[in-house]
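What follows is calculated from the coordinates using simple rules that are stated; it is not laboratory data. Please read all numbers here as calculations on a predicted model, not as lab measurements. Cβ atoms come from the backbone with ideal geometry, glycine included; neighbour counts cover every protein chain shown.
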Amino acid sequence: MHVSFTAEELDFQREVRDFFETEFPDDIRDKVMRDIPLEKEDYVRWQKILYRRGWAAVNWPVEHGGTGWTAIQKYIYANEMATANTPDVIPFGVKMVGPIIYTYGSEAQKARFLPDILESNVWWCQGYSEPGSGSDLASLKTRADRDGDHYVINGTKTWTTLGQMADWIFCLVRTSSDVARRQEGISFILVDMQTPGLSVRPIITIEGEHEVNEIHFEDVRVPVENLVGEEGKGWTYGKVLLQHERTSIAAVARSKYRLRRLKERIAQPYHGGPPLAEDRNFVRRVAALEIELKALEYTELRTLAAVAVGNAPGPESSLLKIRGTEVQQGLDALFVEAAGYYALPFVPDQYALDFPESDRIGHGSETRTSLRYFNNRKASIYGGSNEIQKNIIAKHVLGL
Amino acid sequence: MDFSVTDEQTMLAESVARFIDNDYDFERRMRIAESDEAFSAELWQTFAELGWTAVLFSEKDGGLDGGPIELMLMMEQFGRGLLIEPFLANIVLAGGVLKRSASDEQKSELLSSIIEGSTQAALAFAEPQARFDVADIRTTATINGDAYALDGRKCMVLNGGSADVIIVPARTPGTKGDDGISLFAVPTDSDGLTIASYQTVDAQSAAELELSGVAVPAEAMIGGQGRGLETLAAVIDEATLAVCAEAVGIMRTMHDKTVEYSKNRIQFGVPIGSFQALQHRMVDTLMLCEQSRSLLLWAVMLSAEGDPSAAKAISALKYQIGTAGRQVAQEAVQIHGGMGVTWELDIAHYFKRHSVIELLFGNADFHLDRYLAHG
């Protein structure tokens, strides 16, 4: 039992750090540091750089283009990526549908879809939730009826993050209603967003941004070869996907980076007044959160170590999701409070590329703190609400 | 970074676990707790024969070269068994001072008999006015020819009533703060030493000491004159780590017993574990147990490597035990309902031991401040 890195791990850390320092494009870095929202082109360009280095799909098996890294290497990579403050890989292709396709898909599907996911040639989005199916996902009603060599899809998917940028959507659809359990008769299907009858409607979220969408399907005809695995087994596949999703939602490395930024910020004078770091109450709350985050970091490491010896991320990924999102939201709130009155102006336009930074109200991104806080209330709701995660742990870990 | 333990470490943990399972059930524990003796002298001898009293000392000192990892593995099991026997006082506290600072002569005289189990020892780490600050010492050591005269008061001397020797930190008159503190091995039959022994709320034992002109020879001093605080602080850190590991064992046991109870306790015609209001709280306590174990592993690994940030990590851990651990313990009692507050049920006694650990060597507030002070 030891906490330090081996010489090989330290070499690896240097290699990753050098890569991020030299290869992360300056113009994207500049946007990130100035809190200017990234365009689709920025994400794709960065992911293609990762792809060329062989690092686009860290967790994939080597034969499909993954890295074959140890748990510790993955941990180091995530931490260096967060420290360099690069954007994350957009999860829908690499972290969500990719693993489903290489695990359950046909050879033809693997050959057709995996290379484009790895190279970021195709942008994916997720069609799980429906207006009437939130936490109770198995109640979903979007239907796919067989008609010759096609399925005909009708229904509505919602909360589709960045669906406005997507080329393809993976969906859970009902292929049979004549089933003993609602979880049966659900299938996992891949749909080209350009198919006639498919339309995208924006949903504006609490902070005023267009991040999520509602997707309507009206007699959308999808070839049967786009069905992944067996008809009626989609629920099983989808559950595995959610476990992968939950593990990455914890975003421990990102939270560590944000906590460092918070501590740097409060060490500076506040608009000519004393630094907030002199406020004992505030500092003690930061310290309590830091301890919680350290515990989470080691819980994640313990989970990674378990996965490394062959265990798939199981119900413990629910623990990471709950605690990880609680820490993120705790940080969001501390950033707002650190900004004080400068958290309150609603001036999103000043985070445009051509808006002179010197004309901004508030220092740096102070006025974005509350927008982030509002937006990120989603974290304890998406990916299966934290209450649903507790149901999962109660049932599958505690046996209740 | 590696969480695996060696075969030897696994064997040690299994040997303690077997003892707890086979020879230290709750009934036996309560018989010892309610007897006139502070602990089972017979079992203490067994511990010595099994080598447990030797684990944490170097081979040169007659030990088995164990460190923080071995300490953690043993203490978690002791927590699970609600062990009353004075491992902390003898081995971690008094033994901790001796292994760090005693001369070869002092070691062969005192440490070997502690390892053999033939001498009971204690460390007087606290004074009434000091709350949790071990550096706040008013007890004085006045040079008197080639001897010292000790005057002052000590509180919460764990195992003080059973000890043959108590290690007493005292200050050279006229010194202040961190300087001028020396450590003295004081035989408990010394003239001028009054020991008021009592049972603590967790069925362990401790004592208040009054020292009034207690004369000790110069060779009773452990470590250099005025150099005692560094040793004392290191020992208290190790002891804090020890009780945190014990607490993690207690928390997990309370959580497991509560989940089990909720599956069997029928109300409104169904097991109470079927109620979502209780399920979510038991999930919360599971998460708190896992998060606490994570911090424990972190602090233990840093300590084992002698990392300078180990003391800060130990404070983070103690804060966690004082907050998360308290929640686990309180929920366990609550979900057991009325039975949770009876003397009859083990849950009540786990709760009391955890409550003692919350205060021992500093509560959550104290350690959050100390965590911050480490920068």
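Amide H contacts under 5 Å for A:Lys233: A:Phe188, restricted to partners 5 or more places along the chain or on a different chain, H placed in the peptide plane at 1.01 Å from N.
What the Kirkwood sum gives for chain A is a hydrodynamic radius of 22.7 Å, with every pair of different alpha carbons counted. Label zone of A:Thr103 (point 7 Å out along Cα→Cβ, amide N under 11 Å): in segment A:296-336 this covers A:312-314. With a cut-off of 8 Å between alpha carbons and a minimum separation of six or more residues, what is the relative contact order of segment A:286-400 in percent? Relative contact order here is 32 percent. Residue-normalised convex hull volume from the C-alpha trace of segment B:19-89: 86 Å³ per residue. Along segment B:304-314 the Karplus relation, 6.51 cos²θ - 1.76 cosθ + 1.60 evaluated at θ = phi - 60°, assigns HN-Hα couplings of 5, 8, x, 5, x, 8, 4, 4, 5, 4, 5 Hz to successive residues, with x for each Gly and Pro.
Under a 5 Å amide H cut-off, with hydrogens placed 1.01 Å from N, B:Val186 pairs with B:Ile166, B:Ile167, B:Val168 among residues at least 5 apart or on other chains. Okay, helix-only estimate at 222 nm for chain A: each DSSP H run of n ≥ 4 adds -39500 (n - 2.57), divide by all residues, round to 500 deg cm²/dmol; what do you get? Theoretical 222 nm ellipticity from helices: -14000 deg cm²/dmol. Our Cα-only numbers for segment A:201-297 put the radius of gyration and Dmax at 22.6, 66 Å. In the protein assembly as shown, the alpha-carbon atoms span a convex hull of 181 Å³ per residue. So how tilted is helix B:326-335 from the main axis of chain B? Cα-based, degrees 0 to 90, rounded to 10. The angle comes out near 40 degrees. Taking 0.36 nm per residue of sequence separation and removing the Cα-Cα distance, the A:Lys48/A:His210 pair yields an extension gain of 55.8 nm. For segment B:22-81, GluC sites (Glu not before Pro) meeting the loop criterion (DSSP other than H, G, I, E, B) and having at most 16 other Cβ atoms within 10 Å: B:Glu37, B:Glu59. I'd like the FRET efficiency for B:Gln199 and A:Glu264, computed as 1/(1 + (r/R0)^6) with the beta carbon distance as r and R0 of 60 Å, rounded to 0.05. Between B:Gln199 and A:Glu264 the formula returns 0.75. Which whole-number percent gives the relative contact order of chain B, counting Cα pairs below 8 Å spaced six or more residues apart? Value for chain B: 15 percent. In chain B, the calculated helix contribution to ellipticity at 222 nm averages -15000 deg cm²/dmol per residue, counting -39,500 (n - 2.57) for every DSSP H run with n ≥ 4.
With contacts taken as Cα pairs under 8 Å and at least 6 residues apart, chain A reaches a relative contact order of 14 percent.
Cross-link reach is defined here as a Cα-Cα straight distance under 21 Å, omitting same-chain residues fewer than 8 places apart; for B:Lys263 the lysines meeting it are A:Lys390, A:Lys395. The Rg/Rh ratio for segment B:281-375, using Cα coordinates for both the radius of gyration and the Kirkwood hydrodynamic radius, is 1.05.
Values of log10 I(q)/I(0) for chain B across q = 0.11, 0.15 Å⁻¹ run -0.76, -1.37, by the Debye formula with one identical scatterer at each alpha carbon and no solvent. Which of the aspartates and glutamates could a cross-linker bridge to B:Lys60, judged by Cα under 12 Å and excluding same-chain residues fewer than eight apart? Result set, ordered by chain and number: B:Asp104.
Inter-part distance, segment A:117-152 to segment B:1-73, computed on C-alpha centroids, equals 57 Å. In plain terms, the chain from A:Arg285 to A:Asp11 could stretch by 95.1 nm, reckoned as 0.36 nm per residue minus the Cα-Cα distance. Note on A:Glu387 and A:Arg201: the extension gain reaches 64.1 nm, defined as 0.36 nm multiplied by sequence separation minus the Cα-Cα distance.
What base-10 log of the normalised intensity I(q)/I(0) is obtained for segment A:134-251 from the Debye formula, alpha carbons as equal point scatterers, at q = 0.10, 0.11, 0.20 Å⁻¹? Debye intensities relative to I(0), on a log10 scale: -0.31, -0.38, -1.19.
Distance between the C-alpha centers of segment B:87-109 and segment A:262-318? Whole Å please. Here the two parts' Cα centres lie 38 Å apart. Here's the list of lysines a cross-link from B:Lys176 could span, going by alpha-carbon distance under 22 Å and ignoring same-chain residues fewer than 8 apart: B:Lys154. Centre-to-centre, using Cα atoms only, segment B:125-154 and segment B:166-205 are separated by 7 Å.
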